[in-house]
Amino acid sequence: NIRPFSHLICDEVQDFSNIELSLMRSLVEEKENDLFFVGDPFQNIYCRKINFSKSNISVRGKRSKKLKVNYRTTEEIKIKALKLIIREKFEDFDGGEETTKGYVSLIHGSDPIYKVFHTPEEEETFIIDSIREILLTDQIKESEICICARKNSGVDQIKANLSRNSMRYHDLSSSQENITSIRVSTFHNLKGHEFKYMFVTGVSNQTVPLKHPGFDLYEPKEREEYLKSEKSLYYVVFTRAREGLVI
């Protein structure tokens, strides 16, 4: 049979399933440089378990390579993000165990900031003041700053706070692009993005990890996998920051 494509490139492969990988395998005839897949097991936020071999995709020998150099975030932000997942076991894409050994960032910067507030109003005031200071001193664009929250209700609070302070914002979930406004987003919508400064809001004992109404009904293994995916989600969020991370 004639396959519909000669080559296939796929990013964020950790979000796929074995069935989807098998489908992609079937679209391209097996030959040199037929498939190019990129993924990060530590960013598996949907509890997917994939295996290239079981999907008839061969990565043995020199067909796979681990990328160990981080060009996006500072070493300080990378360390903060890795602390979330360092005690968890993650499978690579072919039945082995993924490790962080040799993983380095080439740039250095300030340590991530962790601030504690007694009220949401204190947090909101701090964020507004910090953004104004960044815009004045660092000479960066509003679009290089993102404020995020775990749930849509938290994003709505961020929008209301920015509006009260006459600051324009752009929700990453919107299909319309806006290059002149501060970005706001839920955690899940941050996939595929990066910003110079990230503000991660609403981090508390009530929200980390987020336990939805059905959590207590999970079997022990399901609960373990869910909590692990929550850590991966925060890992994704922290690594969106290139220079400054404020929690």
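Table for the structure above
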quantity	calculated
Mean shadow area of the stretch 143-224, taken as a quarter of the surface of its Cα convex hull (nm²)	6.8 nm²
Accessible surface of the chain, 1.4 Å probe, proportion on carbon and sulfur as whole %	50 percent
DSSP beta bridge pairing in the chain, given as percent antiparallel to the nearest 5	10 percent
Kirkwood Rh, Cα atoms: Rg over Rh of the stretch 84-153	1.10
Measure of compaction for the chain (Cα Rg per 2.2 N^0.38 Å)	1.13
Translational D in µm²/s for the stretch 1-61 (Stokes-Einstein at 10 °C, 1.306 mPa s, Kirkwood Rh from C-alpha pairs)	131 µm²/s
nm² value of the averaged projected area, convex hull over the Cα atoms of the stretch 29-114	7.3 nm²
Within the stretch 59-120, trypsin sites (Lys or Arg not before Pro) in DSSP loop having at most 14 other beta-carbon neighbours inside 10 Å	Arg60, Lys65, Lys66, Lys68, Arg87, Lys89, Lys101, Lys115
Charge tally in the Cβ shell below 11 Å around Arg240, where Lys, Arg are +1 and Asp, Glu are -1, Arg240 excluded	+4
Pairwise label distance in nanometres, Gln139 with Glu75, each label 7 Å out on the Cα-Cβ vector	2.7 nm
Cα pair distances of the stretch 114-172 binned at 5 Å [whole percent]	4, 16, 28, 28, 18, 6, 1
Euclidean distance between Cα centres, the stretch 51-94 to the stretch 155-197, Å	29 Å
Chymotrypsin sites (Phe, Trp or Tyr not before Pro) lying in DSSP loop within the stretch 41-106, provided at most 16 other Cβ fall within 10 Å	Tyr46, Tyr103
Dimensionless Rg/Rh of the stretch 65-206 - Kirkwood Rh, Rg from C-alpha atoms	1.00
Low-density loop positions, GluC sites (Glu not before Pro), the stretch 119-180 - DSSP coil, at most 12 other Cβ in 10 Å	Glu177
Solvent exposure of the chain as accessible area per residue, Å², 1.4 Å probe	61 Å²
Computed E for Ser153/Glu194 - FRET, C-beta separation, R0 30 angstrom, nearest 0.05	0.75
Relative contact order %, the stretch 100-247, counting alpha carbon pairs below 8 Å whose residues are six or more apart	30 percent
Length-normalised contact order of the chain in % [C-alpha pairs under 8 Å, at least 6 apart]	23 percent
Which of Gly214, Met24, Pro112, positive extreme of dipole for the chain (C-beta unit charges)	Met24
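The values are calculated or read from the model by the stated rules, or taken from the named source; none is laboratory data. Source: prediction; values computed, not measured. As a convention, Cβ positions derive from the backbone with ideal geometry for all residues, glycine included, and neighbour counts pool all protein chains shown. For accessibility, only protein heavy atoms count, side chains too; no ligands or nucleic acids. Shrake-Rupley method; radii C 1.70, N 1.55, O 1.52, S 1.80 Å.
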